[in-house]
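Participant: The following block contains the structure, expressed as structure tokens.
The values are calculated or read from the model by the stated rules, or taken from the named source; none is laboratory data. Treat the numbers as computed from the prediction; the structure is a model and nothing was measured. Cβ coordinates were reconstructed from backbone atoms using ideal geometry, including for glycine residues, and neighbour counts include every protein chain displayed.
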Amino acid sequence: MDNNVALPVQLSIAIGAAGGGDAETPAIYQWGLVVIKRIQTWDNPVVDGFMRGISLFGTEAVYLALLLMIFWCIDEKKGVRLSVTMLFSSWINAFFKVWLHQPRPFQLDASVGKSFEPTYGIPSGHAHMSLVFWTVMALWAKRRAKRGVLFFTLAIPISLIMGVSRLYLGVHFPTDLFAGWFLGGVTLACYIFFEKRISDFLAKSGLRVQFIISAAVSFVILLTGNTLLSGAMLGMGAGYALMLKFAPFSAQSKRGKGLKTFFILAARYIIGVVGAAVLFLAFQRFMPDKNSAYYPLAYFCQPVPLGLWIYAGAPWVFIKARLADTVERRGEKITGE
């Protein structure tokens, strides 16, 4: 069963188990509500707008837009590595949300609800994802002293402010943030210790092995009930493998200085996003009703063509449109850094 299908029923069970906001509400939730109400005393139009904007900046749509920019316009190798890392972060976070099935503050006390979220509370995805994304960016930038210091200086405050915004909106308890930051730290530790080894292994593997590994990881994610991320993993892995084999594009190519470079990179991004939007909207037209027996299968299939387009189709178009060169034309090794 897909996690999203059973969520409304499970949420009602979780709220009932937590005490439903009455005198039997666990002490940890009561403490969390006190913290939230204290933060909400800051309420004024400026603070409200700022908190909502910061929270919006931590959504999946914003991270996707940034990941596409990195992959298509800055560094395709780093782009796909960060994409995989963020996908795993999202999967791990979603898994623990369903496993722990804890309510959100506004479900126990409607007076603190400034926003709404349909999923469980702990761990906080905003805390988890922001810590991972910005710290990885800082690790990349550390080779250049000034840029590295800037990113490291921003990484922790961004994640902290993101967390405070979630408290202010009444969609997370403080303990949700602590759990999100803990999982983010574990994810970063795995990235630091295993990312290079896994990347080197995959780079030396052939197309068949890369396909098999992508399918195997996708299947593992599917076993946890997350059909959407399972399909996304399959599309991403297969797309990148096809790109390396048939259209090994270089995001660094055609980049120099001046207005011409800006228009080239802007054209890549616009073409890529428009192509993804067309695929998404076309697929939506044929999506069965949520009550249909075929809905889980369609939900799984939906991100597959998007992944193929983002990581293989769009790069091929960039090369054919002379908006990018292949890796060979730049004198690089396809599997090299």
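Participant: Any idea which of SER230, SER253, SER199, SER165 is in contact with a Lys or Arg (Cβ under 8 Å, 6 or more places away or on another chain) and not assigned by TED's automatic domain parsing to the domain that holds SER90? Talk me through it step by step, then tell me what you get.
Facilitator: Values: SER230 fails: in contact with a Lys or Arg (Cβ under 8 Å, 6 or more places away or on another chain); SER199 fails: not assigned by TED's automatic domain parsing to the domain that holds SER90; SER165 fails: not assigned by TED's automatic domain parsing to the domain that holds SER90.
Selected residue: SER253, the only one of SER230, SER253, SER199, SER165 that is in contact with a Lys or Arg (Cβ under 8 Å, 6 or more places away or on another chain) and not assigned by TED's automatic domain parsing to the domain that holds SER90.
Participant: A further question follows. Looking at region 22-67, which of its residues are over 29 Å from the mean Cα position of the chain (by Cα), farther than 20 Å from TRP181 by Cα and not in a loop (DSSP other than H, G, I, E, B)?
Facilitator: ALA27, GLN30, VAL34, LYS37, ARG38, THR41, TRP42, PRO45, listed by residue number.
Participant: Looking at (1) out of contact with any Asp or Glu (no Cβ under 7 Å at 6 or more places or on another chain); (2) under 19 Å from ASP75 (Cβ atoms), which is the one condition that is false for PHE211?
Facilitator: Failed condition: (2).
Participant: State all residues of region 222-239 that are of a type in the set (A, V, I, L, M) and over 15 Å from the mean Cα position of the chain (by Cα); if no residue qualifies, say none. Spell out how you get there, then give the answer.
Facilitator: First, the residues of region 222-239 that are of a type in the set (A, V, I, L, M): 222-223, 228-229, 232-234, 236, 238.
Passing the criteria: LEU222, LEU223, LEU234, ALA238.
Participant: What about ARG104, is it crowded, with 23+ Cβ neighbours inside 10 Å, of a type in the set (Lys, Arg) and not assigned by TED's automatic domain parsing to the domain that holds LEU223?
Facilitator: The answer is yes for ARG104.
Participant: How many of the residues in region 147-173 are modelled with pLDDT of 85 or more, over 15 Å from ARG52 (Cα atoms) and not in a loop (DSSP other than H, G, I, E, B)?
Facilitator: So in region 147-173, the residues modelled with pLDDT of 85 or more come out as 157-173.
Going one step further and asking which of them are over 15 Å from ARG52 (Cα atoms), we end up with 157, 173.
Subset that is not in a loop (DSSP other than H, G, I, E, B): 157.
Total satisfying the criteria: 1.
Participant: Does any residue of region 132-146 turn out to be in contact with a Gly (Cβ under 9 Å, 6 or more places away or on another chain), buried (at least 24 other Cβ atoms within 10 Å of the Cβ), within 28 Å of GLN40 (Cβ to Cβ) and modelled with pLDDT under 90?
Facilitator: No, the conditions are met nowhere in region 132-146.
Participant: Another one. Since MET287 meets every condition but one in (1) within 21 Å of ARG81 (Cα to Cα); (2) in contact with a helix residue (DSSP H, G or I) (Cβ under 7 Å, 6 or more places away or on another chain), which condition does it not meet?
Facilitator: Tallying (1) within 21 Å of ARG81 (Cα to Cα); (2) in contact with a helix residue (DSSP H, G or I) (Cβ under 7 Å, 6 or more places away or on another chain), MET287 fails exactly one: (1).
Participant: Let me ask another. Just one of (1) modelled with pLDDT under 90; (2) within 26 Å of VAL62 (Cα to Cα); (3) of a type outside the set (Lys, Arg) trips up GLY235, so point out which.
Facilitator: (1)
Participant: Right, another one. Which condition does ALA110 not pass, out of (1) modelled with pLDDT of 90 or more; (2) over 28 Å from ILE192 (Cα atoms), if it passes all the others?
Facilitator: (1)
Participant: In region 84-142, what count of residues is obtained for those that are assigned to a loop (DSSP other than H, G, I, E, B), polar (S, T, N, Q) and touching a His at 6+ places or on another chain (Cβ under 7 Å)? I'd like the intermediate steps shown before the answer.
Facilitator: To start, the set of residues in region 84-142 that are assigned to a loop (DSSP other than H, G, I, E, B) comprises 101-104, 109, 113-124, 142.
Subset that is polar (S, T, N, Q): 102, 115, 119, 124.
Subsequent filtering for residues that are touching a His at 6+ places or on another chain (Cβ under 7 Å) retains 124.
Counting residues in region 84-142 that are assigned to a loop (DSSP other than H, G, I, E, B), polar (S, T, N, Q) and touching a His at 6+ places or on another chain (Cβ under 7 Å) gives 1.
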